Amino acid sequence: MIRETELKPGLALHIMDTHVENKLTVPYECDISPVIFGFFFSGKGENHVSNDAGKQLSFTGEQGDCGISYFPRSSGVCEFPAQSRLQLLHISIAPFLFDELMTGGREKIAPDFHPVLHQESTGHYYKKTMLSTPLQMALAQLLDCPFHGTTRRIYLESKAMELVALQLETLVFDKSSGAGTKPPDRSETDRIYEAREIILNRYLNPPSLGELSRQVGLNEFKLKKGFQKVFGNTVFGCLFDHRMEQARLHVEERKKSVKEIAHAVGYQSTSRFSDAFKRKFGTRPTHYHS
């Protein structure tokens, strides 16, 4: 499944969630390239790119990676291994919009980012890091957008720009003036968001409440109370909602049987899955229409 959403002129969201049966090779060419902010949830990929000035670059991305890339006047190929689950999210920003966003404060930008900042036609840029807790929180909120229509677009745009800001702060802005300062301790709310991210990532084999509380460093009482306060739901209520949302996407794709969808979202019993789907959406998966 590949979803592309234009949030506004120059800003687009691309989400890929698919199973790669055989080795996948995707060639591409671009003249005026957007600046791309990428997030790798699962799977692995290799990118080999070159431009008309003879500059070549190869890099890999895998689960837990996120990065910024800029490849103007280039051609290349992306390769993904067989028998793998591929989950990616890209935010692409056209050069004219990126120029507007970066107005002001340019003296704080790291030198290696200048080819992107000045949109040099022969410059290649790729830099990556690991997904931080704030990035994971913002990604989870974007992927589980509760709104529809115009409100959904506004919400997605705000979350996309939050992700862009976090990536720029991590990879692009020079922090030498703040060297030696101690990072703040994570708040209880940060730990609640981290717990939610863990159960969403492991929704097929979720941890117990005790295991989850140990992983994020909160006792079970604070964990349960925090979920109700932050999300208005229980830990396993959030897990249930996420499973049903994944099921709904499978149903809308119409590529799997109800039994296959049940197994894909962690149900061994088709009838129990069908009952759960009806409880969530008011109808059984065989009668659901988007």
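A compact table of results
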{"read-out": "Every pair of residues 6+ apart whose Cβ atoms lie under 6 Å, when the first sits in the stretch 260-284 and is touching a residue at least 12 places away in the same chain (Cβ under 8 Å) and of a type in the set (Lys, Arg) while the second is surrounded by 13 or more Cβ atoms within 10 Å (Cβ to Cβ) and not in a loop (DSSP other than H, G, I, E, B)", "value": "Lys280/Met244"}
{"read-out": "Residue in the stretch 124-134 that is at pLDDT below 85 and part of a helix (DSSP H, G or I) present", "value": "yes"}
{"read-out": "Matching entry among Thr18, Thr25 (being in contact with an Asp or Glu (Cβ under 8 Å, 6 or more places away or on another chain), over 14 Å from Lys128 (Cα atoms) and of a type in the set (Val, Ile, Thr))", "value": "Thr25"}
{"read-out": "Residue satisfying all of: in the stretch 88-118; at pLDDT below 85 and either in contact with a His (Cβ under 8 Å, 6 or more places away or on another chain) or assigned to a strand (DSSP E or B) (or both); farthest from Val20 (Cα to Cα) among these", "value": "Ile109"}
{"read-out": "Single match in Ser92, Ser69 (criterion: touching a Phe, Trp or Tyr at 6+ places or on another chain (Cβ under 6 Å), crowded, with 17+ Cβ neighbours inside 10 Å and of a type in the set (Gly, Ala, Ser))", "value": "Ser69"}
{"read-out": "Filtered residues of the stretch 78-111 (kept if in contact with a Ser or Thr (Cβ under 6 Å, 6 or more places away or on another chain) and aliphatic (A, V, I, L, M))", "value": "Leu86"}
{"read-out": "Among the candidates Glu220, Glu245, Glu211, residue that is among the acidic types (Asp, Glu) and either touching a strand residue (DSSP E or B) at 6+ places or on another chain (Cβ under 9 Å) or in contact (Cβ under 8 Å) with a residue 60 or more places away in the chain (or both)", "value": "Glu245"}
{"read-out": "The stretch 40-79, residues that are aromatic (Phe, Trp, Tyr) and either at pLDDT 85 or above or not assigned by TED's automatic domain parsing to the domain that holds Leu13 (or both)", "value": "Phe40, Tyr70, Phe71"}
{"read-out": "Complete set of residues in the stretch 1-60 that are of a type in the set (Lys, Arg), exposed (fewer than 13 other Cβ atoms within 10 Å of the Cβ) and either in contact with a Ser or Thr (Cβ under 8 Å, 6 or more places away or on another chain) or free of Cβ contacts under 8 Å to residues at least 40 places away in the same chain (or both)", "value": "Arg3"}
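The values are calculated or read from the model by the stated rules, or taken from the named source; none is laboratory data. What you see is a predicted model, and the numbers here were worked out from it, not measured in a lab. Don't worry about glycine lacking a Cβ; one is built from the backbone with ideal geometry, like all the others, and counts go over all protein chains shown.
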